[in-house]
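Asks: For reference, the structure I am asking about is given below.
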DNA sequence: GGCTCCATGTAATCCGTTACATGATTAC
DNA sequence: GTAATCATGTAACGGATTACATGGAGCC
C-alpha cells in the first residue's frame, strides 16, 4: 500500500496507545514537528481514510458528556507500518528562506547580510530551547529512538546557530 | 507586495543577468536546490505573473531558429527584491522521512534501526559530494554569499552524515 | 538515425495550511 | 463569567510535483 508519510505519522502515533485526533496533533507538536509537522486539516480526514482502509479502528471514548473518538491501530495497520519502516526513506526536503535571502544578499550592504544571519540564528536558538525543554520528559520516558531524534534536533539547531555565528564573523572580517 | 519565496528566487536569478525559464531551472538546480527547489511547473507560470506585475520583462532571444525568451529584472522588480531581502525570513521547514522512520523504529529489531541510519547517511554523503563538486566553480566566481551558502550546505550534509554515524554506534552499544 | 540537450508550456493531482464553525469542559 | 483547553470537522486556497506534449539543435 502507498500512503503519504503523514499517514504513517498518524499510524505510528496510535501504534502503542489509541488516541483522538486532537491528541495526535498534540503528540506531533511535541515530537516530530521539527522535521515533520501535521495540521488538523490533515489529521482528521486522514484518520477517516485510514479507518476506511482498515488500518485503524475508531471507537467512542467520551470524556464526560463531550464526544470523543479514539483510534487504535489494527493488525493490518501494524503490518503496513512495519512494511513502511523497512522501506528506504524517500522524502528529504528543506525550505529555508533565510538561506535564500543570504544567497541573494550581495545586492545589499554587508551589515544587512549580517542581519539575516542574526535572524536565522535567533530562530534556531529558540527552537533549540523549545526542544531542550522537552528533553527531561523524553529522558524519563526512556524511549531510545524518540529521545535520539529529539537530541538530534537539539544538536542540529545548535549547530545551525553556531554556523550563523561563524558566518557573521566571516562577513565582518 | 506579497510574493511567494519561489517568486523571489526567480527574481533573484534574473537580477544580474537576464535568463530563460530553462536557464533559471538549471541555475536553481546548481545552487539553491538543496534548501529551496523549484520545478518548471512553477517557474514558467511564475515568470508570466512576474512579467504581468512588471517586475520582470521578457524579450525574444532566439538561438538559431529555436524560440527563446529571456527575462530581465525591471527597476520595480529590483526594488521589490531588495525590500524582500530586508524583511526578516519566515519559512523554515524540514521534511525528513528517515527521522520519522527512526522515531518509530522501536517496533523493529535494533539492526533495522541501524539500516535507517545508514540509508540517511548514504543520502547525505551523496548530497555532500554533489555540493563539493560545485565548490571549485563557486570559488572561481568569487561570489561571497553564494559560496558561503554552498559551503554551509556541504558542512551541514557532512554534519548530518556524521550524526548518523554516531547514532549508529549508540544503537549498537 | 538516434541520443542528448535546449526550450516552453499545461493539466492533473497532491499535499498542506489557514480560516472558519461549533460546542463542551475545566480552571481561575 | 470568562478564558483556556479539549474536541471535531470542513472549505477555500495555495504551493508544488509529475506527467504529458511538442519540437528544434547539435553531436556521434
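Asks: Cα atoms only, the protein assembly as shown: Rg and Dmax in Å?
Replies: Answer for the protein assembly as shown, Rg first and Dmax second: 22.8, 76 Å.
Asks: Applying a 10 Å radius around every beta-carbon, put B:111-120, A:48-57 in order of their mean neighbour count, most first. Write out the running numbers ahead of the final one.
Replies: On the way: B:111-120: 19.4, A:48-57: 17.2.
Order by mean packing, descending: B:111-120, A:48-57.
Asks: Run the label-point distances for residue A:137 please: 7 Å along Cα to Cβ, every other copy, nanometres, shortest first.
Replies: Sorted ascending, the copy-to-copy spacings read 4.7 nm.
Asks: Grab the DSSP H runs of chain B that are 4 residues or longer, score each as -39,500 (n - 2.57), total them, divide by all residues and round the 222 nm result to the nearest 500 deg cm²/dmol. Intermediate results must be reported in sequence, preceding the final value.
Replies: On the way: 7 runs with 112 residues, N = 173.
The helix-only estimate for chain B comes to -21500 deg cm²/dmol at 222 nm.
Asks: Pop out the Kirkwood hydrodynamic radius of chain B from its pairwise C-alpha distances, inverse of mean 1/r, in Å to one decimal.
Replies: Details: mean 1/r = 0.0536 Å⁻¹.
Result for chain B, one decimal place: 18.6 Å.
Asks: So, one more: Tell me the angle of helix A:110-141 to the major Cα principal axis of chain A, expressed in degrees between 0 and 90 and rounded to the nearest ten.
Replies: 30 degrees
Asks: Still on this structure, please answer the following. Arranged by the count of other C-beta atoms within 10 angstrom, fewest first, what order do A:13, A:107 take? All intermediate terms of the calculation are to be shown ahead of the outcome.
Replies: Numbers: A:13 24, A:107 14.
Ascending Cβ contact count within 10 Å gives the list A:107, A:13.
Asks: Moving to a separate point now. Using only Cα atoms, find the angle between the long axis of helix B:40-52 and the longest principal axis of chain B, and express it within 0 to 90 degrees, rounded to the nearest 10.
Replies: The two axes meet at around 30 degrees.
Asks: So, one more: Taking the label point 7 Å from Cα in the Cβ direction, how far apart in nm is residue B:86 from each other copy of itself, listed shortest first?
Replies: With the label placed 7 Å along Cα→Cβ, residue B:86 yields 5.9 nm.
Asks: Here's something else I'd like to know. Strictly greater than 14 Å: what percent of every Cα pair in the range B:5-86 meets that?
Replies: Values: 1950 of 3321 pairs.
Tail fraction, whole percent: 59.
Asks: Taking the number of other C-beta atoms within 10 Å as the exposure measure, put B:33, B:166 in order starting with the fewest.
Replies: Working: B:33 17, B:166 13.
Listed from fewest to most nearby Cβ atoms, that is B:166, B:33.
Asks: I've got another one for you. Limiting things to C-alpha atoms, what are the Rg and the maximum Cα-Cα separation (Dmax) for the range B:84-167, in angstroms?
Replies: Rg and Dmax of the range B:84-167, Cα atoms, are 16.4, 50 Å.
Asks: Here's another thing I want to ask about it. Can you tell me which of B:144, B:29, B:65 moves the most in a GNM of chain B? Springs connect C-alpha atoms under 10 Å apart.
Replies: Evaluated over chain B, the most mobile residue of the options is B:65.
Asks: Further, regarding this structure: So the label point sits 7 Å from Cα along the Cα-to-Cβ vector; using that for residue A:51, what distances do you get to the other copies, in nanometres, sorted shortest first?
Replies: Its label point is 5.0 nm from the equivalent points in the other copies.
Asks: By count of other Cβ within 10 Å, fewest leading, how are A:76, A:69 ordered? Spell out each step's value before the answer.
Replies: Numbers: A:76 14, A:69 17.
Placing the least packed residue first, the sequence is A:76, A:69.
Asks: Compute the helix-to-body angle for B:144-172: its Cα long axis versus the longest principal axis of chain B, expressed 0 to 90° and rounded to tens.
Replies: Compared with the principal axis, the helix lies near 20 degrees.
Computed from the coordinates by the stated procedures, all read-outs in this text should not be read as laboratory data. Because the structure is predicted, anything quoted here is derived from the model rather than measured. So basically every Cβ, Gly included, is an ideal-geometry build from the backbone, and we count neighbours across all protein chains shown.
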